[in-house]
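Chemist: Please see the structure below; I have some questions.
The values are calculated or read from the model by the stated rules, or taken from the named source; none is laboratory data. Values in this document were obtained by computation on a predicted structure and should not be read as measured data. Glycine gets a Cβ as well: all are built from the backbone with ideal geometry, and neighbour counts include every protein chain shown.
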Amino acid sequence: MNEDVEPQSGYTSPPPGAPVKRLGFRLPDLPEVRQFAEDEAREAGMPEEAVGDFVIAVNEVATNAVTHGADRAVLRTWLVNGDMIVEVHDEGAWKPGPRPGAVGGMGLWVARLLSSDLTLRVGAGGSTVIMRFPGKE
């Protein structure tokens, strides 16, 4: 995903009746976010070799949410056809980046490379990133 262009307008939400797990967090809670992500991946039966990349992608988006968005964010997970869906929402305003020559600001780009799909929705209610990861093999 190229972060210096307008965000995508697509959006996904949990199917009716799907169990959704939720974790509210702030910057000091990022270790808990990583553990939550790892536990969710293993519980969903994600292949072990994919768990590390999954945790990295979730961590990148979660870190962006509480460092560039708002001081609080919410992470939700659910399954769709065996795939793990992760949603990270903060109430901050969209800030495009990174600019050419930047040494940081690559979080969404990394998450996009590691997920099978990434959707970004921004507006007056904040910013939401939704990622999909293949589940059980």
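Chemist: Do we find that LEU118 is modelled with pLDDT under 95 and under 10 Å from the mean Cα position of the chain (by Cα) in this structure?
Modeler: For LEU118, the condition - modelled with pLDDT under 95 and under 10 Å from the mean Cα position of the chain (by Cα) - is met.
Chemist: Given the structure, is VAL33 among the aliphatic types (A, V, I, L, M), more than 10 Å from the chain's Cα centre (by Cα) and at pLDDT 95 or above?
Modeler: So VAL33 passes the test.
Chemist: Separate question: Considering only residues that are in a helix (DSSP H, G or I) and among the basic types (Lys, Arg), look in the range 21-47 and name the one that is surrounded by the fewest Cβ atoms within 10 Å (Cβ to Cβ).
Modeler: Taking the candidates together, the pick is ARG42.
Here's the yes/no breakdown for (1) at pLDDT 95 or above; (2) over 24 Å from GLY125 (Cβ atoms):
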site	(1), (2)
GLU48	no, yes
GLY52	yes, yes
VAL88	yes, no
GLY97	no, no
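Chemist: Give the residues of the range 42-69 that are aliphatic (A, V, I, L, M) and closer than 18 Å to MET106 by Cα, sorted by residue number.
Modeler: Answer for the range 42-69, where residues must be aliphatic (A, V, I, L, M) and closer than 18 Å to MET106 by Cα: VAL55, ILE56, ALA57, VAL58, VAL61, ALA62, ALA65, VAL66.
Chemist: Can I ask one more? Among the residues of the range 121-137, which ones are in contact with a Lys or Arg (Cβ under 8 Å, 6 or more places away or on another chain) and either at pLDDT below 85 or over 17 Å from PHE54 (Cα atoms) (or both)?
Modeler: SER127, THR128 - these are the residues of the range 121-137 that are in contact with a Lys or Arg (Cβ under 8 Å, 6 or more places away or on another chain) and either at pLDDT below 85 or over 17 Å from PHE54 (Cα atoms) (or both).
Chemist: Right, here's the next one. Cβ-Cβ below 9 Å, separation at least six or inter-chain, first residue in the range 1-27 and farther than 21 Å from SER115 by Cα, second part of a loop (DSSP other than H, G, I, E, B) and modelled with pLDDT of 95 or more: which pairs?
Modeler: What qualifies is GLY24/ARG72; PHE25/ARG72; ARG26/ARG72.
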